[in-house]
Amino acid sequence: MKIRVLTLFPRMFDCLNESIIGRAIKSGKLDFEAVDIRAYSKDKHQKCDDTPYGGGAGMVMTAQPIYDCINAVDPTHEYVRIYMSPKGEKLSDGLCRGLAANDNILLLCGHYEGVDQRVLDLCIDREISIGDYVLSGGELAAMVVIDGVSRFVDGVLGSAMSHEDESFSAGGMLEYPQYTRPPEFMGRKVPEVLLNGNHKEIDKYRKQQSLEITARLRPDLIGKD
Ligand code: ADE
């Protein structure tokens, strides 16, 4: 999958070079680049924001650098173009899976009080929010989308890992608790059933744990799928 992020702060995305996503980028499963919008500004000081028409607090990102940046990165509109915004559709497991089916995604990150509406109307296909709170910019939200989507891209989670057992995947339930060595820690033992090698019993125990945990922590998820 090809992912392009358009941002005024490309270095914020350096942290994607770590862990699972970092490995997927190194191995070529993900082709990722953070593109600096400022490089496309035609202003003599490379300004990318201005005061809002009609007054009000803060600054608004100007249309020209974003418009030119999008058209340089995606001249033939091969990418799904997404604007990160608290006004967007709320991110979910289903939305991550759906986005992972695309070959190319482009994420535009706003800053300050937002982006001139005209460039959104001209260029953007959809808006995505990561939750009902306002961040100072779209960058952290874009990283959440990249991580959540990439895990559904073939080959990103090695064969030893699976997302099918995880929370929201297993029939829309939360995941059962996990344990590893040692069998006893600070007087607390690993549940006996996990040590006996009986996979039918283990499966049954895990399903029951998932159900109990979901009922206790997220009753709204039960019966949703
Ligand atoms: N930009 C600012 N707040 C955001 C949010 N909650 N989701 C996505 N992008 C954002």
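The values are calculated or read from the model by the stated rules, or taken from the named source; none is laboratory data. The structure presented is a predicted model; accordingly, all values stated were derived computationally and were not measured. In this analysis, Cβ positions are derived from the backbone assuming ideal geometry, glycine residues included, and neighbour counts consider all displayed protein chains.
Is at least one residue of region 40-59 in contact with a Cys (Cβ under 8 Å, 6 or more places away or on another chain) and either of a type in the set (Gly, Ala, Ser) or assigned to a helix (DSSP H, G or I) (or both)? Outline the logic, then answer.
The first filter runs over region 40-59 and keeps only residues in contact with a Cys (Cβ under 8 Å, 6 or more places away or on another chain), leaving 40-41.
Next, only the ones that are either of a type in the set (Gly, Ala, Ser) or assigned to a helix (DSSP H, G or I) (or both) stay: 40-41.
Checked region 40-59: at least one residue is in contact with a Cys (Cβ under 8 Å, 6 or more places away or on another chain) and either of a type in the set (Gly, Ala, Ser) or assigned to a helix (DSSP H, G or I) (or both).
Residues are listed down the side, and each one gets a yes or a no for (1) within 10 Å of the ligand (Cβ to nearest atom); (2) at positive phi; (3) at pLDDT below 95; (4) surrounded by 18 or more Cβ atoms within 10 Å (Cβ to Cβ):
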| position | (1), (2), (3), (4) |
| --- | --- |
| Leu122 | no, no, no, no |
| Val149 | no, no, no, yes |
| Ser159 | no, no, yes, no |
| His163 | no, no, yes, no |
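Just the residues that are surrounded by 11 or more Cβ atoms within 10 Å (Cβ to Cβ) and near the ligand (Cβ under 8 Å from one of its atoms), please, taken from region 128-139. Passing the criteria: Ile128, Ser129, Ile130, Gly131, Leu135, Gly137, Gly138. Scanning region 90-110 for residues that are touching a Lys or Arg at 6+ places or on another chain (Cβ under 7 Å), not aliphatic (A, V, I, L, M) and not in a loop (DSSP other than H, G, I, E, B) turns up just one, Asn104. Per the conditions (1) in contact with a Phe, Trp or Tyr (Cβ under 7 Å, 6 or more places away or on another chain); (2) farther than 19 Å from Val149 by Cα; (3) within 11 Å of the ligand (Cβ to nearest atom); (4) not hydrophobic (A, V, I, L, M, F, W, C), the sole criterion not satisfied by Asp68 is (3). Please identify the pairs in which a residue from region 39-52 that is modelled with pLDDT of 95 or more has its Cβ atom under 8 Å from the Cβ atom of a residue that is of a type in the set (Asp, Glu) and not in a helix (DSSP H, G or I), counting only partners at least 6 apart or on another chain. Matching pairs, first to second residue: Pro52/Glu113. The criterion of at least 2 residues that are in contact with a Lys or Arg (Cβ under 9 Å, 6 or more places away or on another chain) and touching a residue at least 40 places away in the same chain (Cβ under 8 Å) is met, among helices (runs of 4 or more DSSP H) falling completely within region 111-225, by 139-150. Among the residues of region 90-120, those identified as surrounded by fewer than 16 Cβ atoms within 10 Å (Cβ to Cβ), of a type in the set (D, E, K, R) and either within 13 Å of the chain's Cα centre (by Cα) or within 10 Å of the ligand (Cβ to nearest atom) (or both) are Lys90, Asp93.
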